[in-house]
Amino acid sequence: MAHALAVHALEKRYGSVEALKGVDLAVEEGELVGLLGPNGAGKSTLVKIAVGLVRATRGRAEVVGARAGSRAARAELGYLAELFRFPGWYTADEVLALHQRLTHSTGGAAERKRLLERVALADASDRRVDGMSKGMQQRLGIAQALIGSPRVLVLDEPTSALDPAGRRVVRVLLEELRSHGASVLLNSHLLSEIELVCDRVAILRAGEVVAAGSPAELSRPRGVELETDEGVRTVEGATREDAARLVAEAVAAGRRVYGVRVLTSTLEDTYLEAVGDEVS
Ligand SMILES: Nc1ncnc2c1ncn2[C@@H]1O[C@H](COP(=O)(O)OP(=O)(O)O)[C@@H](O)[C@H]1O
Ligand SMILES: [Mg+2]
């Protein structure tokens with residue numbers, strides 16, 4: 001079966017800038033993948049190639065088996081651009097109606113109402129974009145990407161302007177979409193919501209994937225810390241599975257055990273290690 005979205009050995013050069021240096025990445029059907037990395041890592045370039053807005057220098061990009069940018073590929077896609085701007089004088093409902101026309105959606109008013117509800121903008125249907133907070137506009141942008149119920153959703157920094165409550169709305173929405181089988185590629189430099197919701201993440205740095213795996217795989221165990229009457233000792237390489245045995249051994253050896261702690265590096269630790277000291 002074709003991947004929902006896949007890029008193979010993807011390279012992109014803008015003049016002397018090598019934005020992508022041979023990236024392989026796939027999003028399977030029903031999978032939610034997070035593409036992480038600091039500003040300038042190449043995340044937007046990758047998704048712009050995948051949605052057909054930018055031409056690759058070398059390599060391939062496909063959406064549900066169709067060449068990126070082809071009519072067949074575009075028909076499967078919903079896309080939220082990183083720096084989008086809707087006309088300020090349009091109401092939320094008019095923005096969605098405009099995009100329904102652009103995508104030939106036949107969903108009508110019922111689809112617009114349903115989408116505004118899903119992004120918690122049901123009460124803002126007649127509100128003009130000018131009168132919306134950046135967070136509301138971003139949620140409207142996500143609703144726009146969902147028009148026509150695309151199989152593959154590409155969201156470039158969908159939570160960058162959102163406060164924690166808005167991020168939660170998006171996280172719940174993403175979980176709901178996944179439960180309905182949608183495939184999602186999500187760009188972000190914010191780790192919190194990605195960690196909670198993605199099946200897999202790839203960390204991009206200077207045009208290369210430097211780490212990839214499930215959030216759990218990237219949150220590696222770092223040992224077990226044992227506090228006894230002899231002091232604090234870290235058993236490198238030990239995991240949660242070893243904790244009970246280590247306590248029992250210490251007790252058997254006549255030690256008093258005051259505490260035991262399983263140490264893990266978070267996805268954030270892994271991210272910072274992978275991208276080095278680059279600040280996004
Ligand atoms: N249209 C463009 N022309 C020239 N350079 C570009 C263009 N778009 C992006 N770049 C450069 O490509 C690199 C990757 O950018 P981008 O894909 O936007 O990264 P990210 O989305 O991870 O912040 C950066 O060095 C950026 O300056
Ligand atoms: Mg970007």
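Put simply, of ASP242, ASP229 the only residue that is surrounded by 15 or more Cβ atoms within 10 Å (Cβ to Cβ) and acidic (Asp, Glu) is ASP242.
For segment 164-184, does any single residue satisfy the condition of being within 16 Å of ligand 2 (Cβ to nearest atom) and either free of Cβ contacts under 8 Å to residues at least 12 places away in the same chain or surrounded by 17 or more Cβ atoms within 10 Å (Cβ to Cβ) (or both)? Taking every residue of segment 164-184 in turn, none turns out to be within 16 Å of ligand 2 (Cβ to nearest atom) and either free of Cβ contacts under 8 Å to residues at least 12 places away in the same chain or surrounded by 17 or more Cβ atoms within 10 Å (Cβ to Cβ) (or both). Which number in (1) in a loop (DSSP other than H, G, I, E, B); (2) within 15 Å of the chain's Cα centre (by Cα); (3) more than 9 Å from ligand 1 (Cβ to nearest atom); (4) among the aliphatic types (A, V, I, L, M) marks the one condition that ALA26 misses? For ALA26, the failing item is (1). Does segment 83-102 contain any residue that is part of a loop (DSSP other than H, G, I, E, B) and within 16 Å of ligand 1 (Cβ to nearest atom)? Checked against the condition, which is being part of a loop (DSSP other than H, G, I, E, B) and within 16 Å of ligand 1 (Cβ to nearest atom), segment 83-102 yields at least one hit. Quick check on segment 142-160: of everything there that is closer than 23 Å to LEU102 by Cβ and part of a loop (DSSP other than H, G, I, E, B), which residue is nearest to ligand 2 (Cβ to nearest atom)? Taking the candidates together, the pick is GLU157. Put simply, of SER214, SER219 the only residue that is in contact (Cβ under 8 Å) with a residue 12 or more places away in the chain and in contact with a helix residue (DSSP H, G or I) (Cβ under 9 Å, 6 or more places away or on another chain) is SER219. For segment 61-80, the count of residues that are assigned to a loop (DSSP other than H, G, I, E, B) and within 12 Å of ligand 1 (Cβ to nearest atom) is zero. Of all residues in segment 48-60, those satisfying the criterion of being within 14 Å of ligand 1 (Cβ to nearest atom), in a loop (DSSP other than H, G, I, E, B) and either in contact with a Gly (Cβ under 6 Å, 6 or more places away or on another chain) or not hydroxyl-bearing (Ser, Thr, Tyr) (or both) are VAL51, LEU53, VAL54, ARG55, ALA56. So, LEU191, is that one of a type in the set (A, V, I, L, M) and within 16 Å of ligand 2 (Cβ to nearest atom) or not? So LEU191 passes the test. Of all residues assigned to segment 37-47, none qualifies as being closer than 15 Å to LEU10 by Cβ, more than 10 Å from ligand 1 (Cβ to nearest atom) and at pLDDT below 95. Within segment 95-116, can one find any residue that is within 16 Å of ligand 2 (Cβ to nearest atom), of a type in the set (A, V, I, L, M, F, W, C), at pLDDT 95 or above and within 21 Å of the chain's Cα centre (by Cα)? Within segment 95-116, not a single residue is within 16 Å of ligand 2 (Cβ to nearest atom), of a type in the set (A, V, I, L, M, F, W, C), at pLDDT 95 or above and within 21 Å of the chain's Cα centre (by Cα). Of the residues screened, GLY254 is one that is at positive phi, loosely packed, with under 15 Cβ neighbours inside 10 Å and either at pLDDT below 85 or of a type outside the set (Ser, Thr, Tyr) (or both). In segment 187-219, what count of residues is obtained for those that are surrounded by fewer than 16 Cβ atoms within 10 Å (Cβ to Cβ) and either in a strand (DSSP E or B) or of a type in the set (Lys, Arg) (or both)? Residues flagged as surrounded by fewer than 16 Cβ atoms within 10 Å (Cβ to Cβ) and either in a strand (DSSP E or B) or of a type in the set (Lys, Arg) (or both) within segment 187-219 amount to 2.
Taking the stated definitions as given, is ARG233 assigned to a loop (DSSP other than H, G, I, E, B) and either modelled with pLDDT of 90 or more or farther than 30 Å from VAL17 by Cβ (or both)? It is false that ARG233 is assigned to a loop (DSSP other than H, G, I, E, B) and either modelled with pLDDT of 90 or more or farther than 30 Å from VAL17 by Cβ (or both).
The values are calculated or read from the model by the stated rules, or taken from the named source; none is laboratory data. Keep in mind that what you see is a predicted model, and the values were worked out from it rather than measured. All Cβ positions, even for glycine, are placed from backbone atoms using ideal geometry, and neighbour counts span all protein chains on display.
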